[in-house]
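> Submitted below is the structure of interest, expressed as structure tokens.
The values are calculated or read from the model by the stated rules, or taken from the named source; none is laboratory data. These figures come from a predicted structure and were not determined experimentally. Heads up, the Cβs are rebuilt from the backbone with ideal geometry, glycines too, and the neighbour counts pull from every protein chain shown. Side chains included, ligands, DNA and RNA excluded: accessible areas come from the protein's heavy atoms. Shrake-Rupley method; radii C 1.70, N 1.55, O 1.52, S 1.80 Å.
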Amino acid sequence: MSVNVRLLLTGLLACSMVLQAAADPLPSWNDTHAKTAIVEYVASVTDPTSEQFVPVAARIAVFDNDGTLWSEQPVYFQLTYALDTLKEKAKKDPSLINSPALKAAAAGDLKTLMAGGMSGLQEVINASHSDMSVMAFQQSVKQWLATARHPKTNMRYDAMIYQPMLELLSYLRDNGFTTYIVSGGGQQFIRAFSEKAYGIPPQQVIGTALHAQYELIDGKPQITKKPDVSFLDDGPGKPVGIATVIGKKPIFVGGNSDGDFEMLEWGSSNELPSFGLIVHHTDAKREFAYDRDSHIGKLDKGLKQASSRGWLVVDMKEDWAKVYPKTP
């Protein structure tokens, strides 16, 4: 074989590989049933000649955040932010640590803190999140994300975003879907990074919210975060948040835990063709393996009923070729 022919064949092979990669909208997904089901659904609802066709205006896709778009173990990342922030505040004002829950939080004693239930966690959120403007809070979150590291992976928390889900978000948007985050996590916390991380602007983030108040501070209008939750966007709260903010039922719903069950159920009740997706954490080597007995992201009811309800369970170990953007 001559040198010219060999170079030509090499060039053709390279072009073929590039075209193949460009044609694959989900390159980090293995060629399993999960990928096929997603592609077939999107094709059916975007084809004007299909009986399953859905107009662009109705192509609403909603996704949970923790455990669905990024990792959530060993504790929710927002809780880690709250603990780190509380410790920094306590250095300046030790009087803030005035309850058993806050003492446990400041000491990093998660076992004692979690044993106190929601009331103890609410104390931590109030002490670390409230009495500051939304703008100052979001800037604090961005600074934390730029420096904090996960205890197991030593990665930045905003690097522990799932590459396959990033591809899915882009694929849906490329096909006329509007993508939203609907999370039990803090709305303003997620809004601080959602556009940069996921391509989802702040106005398309629905989450748990603290009370807020309009104030003039030094002559400047501010929205200030106040203690206590005004809206809990979890479980049955998620369909309420969707109905209140979006005003339409989603046709594509992605979650990972029983906290997403009602949102999946709500989307499935759509008269339009719908798709429910559950991320099942089965990969202890590349991420974490947990479901029914987990203290974080418990998946029991959803796992039992997924098949009968027609929801796709994505097996992270089997269906994903890679987990994080920078990992093989």
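> Rg over Rh of the chain, using C-alpha atoms and the Kirkwood radius, what does it come to?
Radius of gyration relative to Kirkwood radius: 1.03.
> What residues qualify as long-range amide H neighbours of residue 212, i.e. H under 5 Å apart, gap of 5 or more or another chain, H built at 1.01 Å from N?
Those lying under 5 Å, H to H, from residue 212 are 226.
> Which Cα, out of 273, 183, 194, lies furthest along the positive dipole direction of region 152-289 (beta carbon charges, K/R +1, D/E -1)?
It is 194, whose Cα lies furthest towards the positive end.
> Which of 35, 304, 92 ends up with the largest GNM mean-square fluctuation for the chain, with Cα atoms connected below 10 Å?
92
> Provide the FRET efficiency to the nearest 0.05 for the residue 47-residue 119 pair, computing r from the beta carbons and using R0 = 56 Å.
That pair, residue 47 with residue 119, gives E of 0.60.
> How much FRET efficiency would the formula 1/(1 + (r/R0)^6) give for residue 88 and residue 170, where r is the Cβ-Cβ distance and R0 is 30 Å, rounded to 0.05?
That pair, residue 88 with residue 170, gives E of 0.25.
> Just how large is the dipole of the chain about the Cα centre, in debye to the nearest 20, putting +1 at every Lys and Arg Cβ and -1 at every Asp and Glu Cβ?
That gives a dipole near 880 debye.
> What number comes out for the charge environment of residue 204, summing +1 per Lys or Arg and -1 per Asp or Glu over other residues with Cβ under 10 Å away?
In short, 0.
> Now a separate question. For the chain, set up a GNM with springs between Cα atoms under 10 Å and report which of 232, 121, 166 has the largest fluctuation.
Judging by the Gaussian network model, the answer is 121.
> Can you list, bin by bin at 5 Å, the percent of alpha carbon pairs in region 13-161, starting at 0?
Calculated P(r), rounded to whole percents: 1, 7, 12, 13, 14, 11, 7, 8, 9, 7, 5, 3, 1, 0.
> Compute the Kirkwood hydrodynamic radius of region 79-124, taking the inverse of the mean of 1/r over all pairs of distinct Cα atoms, and give it in Å to one decimal.
Over region 79-124, the inverse of the mean reciprocal pair distance is 10.2 Å.
> Dipole magnitude of region 213-287 about its Cα centre, charges +1 at Lys/Arg Cβ and -1 at Asp/Glu Cβ only, in debye to the nearest 20?
240 debye
> With the other protein chains left in place, how much accessible area per residue, in square angstrom, belongs to the chain at a 1.4 angstrom probe?
Solvent-accessible surface per residue comes out at 48 Å².
> Just name one of 163, 113, 144: the one whose Cα is farthest towards the positive end of the charge dipole of region 54-168 (beta-carbon charges, Lys/Arg +1, Asp/Glu -1).
144
> In debye, nearest 20: dipole of region 38-130 around its Cα centre with unit charges on the Cβ of K, R (+) and D, E (-)?
In debye, rounded to 20, region 38-130 gives about 620.
> Working out 0.36 nm times the residue gap between residue 304 and residue 107, then minus their Cα-Cα distance, what length gain in nm do you get to one decimal?
67.1 nm
> Still on this structure, I have one more. Bin by bin, in steps of 10 Å, what percent of the Cα pairs in region 115-192 do you find, going until the bin that has the longest distance?
Distribution as computed: 14, 33, 37, 14, 1 percent.
> Something else: Please build a GNM for the chain, connecting alpha carbons under 10 Å apart, and tell me which residue among 51, 88, 287 fluctuates the most.
It is 51.
> Further question on the same structure: In the calculated pair distance distribution of region 171-271, what percentage of Cα-Cα distances lie above 24 Å?
Beyond 24 Å sits 27 percent of the P(r) for region 171-271.
> What pairs in 92/226; 111/304; 196/248; 142/249 have C-alpha atoms more than 27 Å from each other?
Checking Cα-Cα distances, 111/304; 142/249 exceed 27 Å.
> Quick one: 3J(HN,Hα) in Hz for region 216-221, Karplus 6.51/-1.76/1.60 with θ = phi - 60°, rounded, Gly and Pro as x.
Listing the rounded values in order: 9, 10, 6, x, 10, x Hz.
> Right, another one. Return the carbon/sulfur percentage of the accessible area of the chain, one whole number, probe 1.4 Å, all protein chains in place. Write out the running numbers ahead of the final one.
Numbers: 8960 of 15860 Å².
Roughly 57 percent, rounded to a whole number.
> Right, here's the next one. Would you work out the relative contact order for region 37-179, in percent, from Cα pairs under 8 angstrom that are 6 or more residues apart?
The value is 31 percent.
> Where does the chain land at 222 nm, in deg cm²/dmol rounded to the nearest 500, when only DSSP H runs of n ≥ 4 count, each adding -39500 (n - 2.57), divided by all residues? Please list the in-between numbers first.
Working: 14 runs with 143 residues, N = 328.
Per the formula, -13000 deg cm²/dmol.
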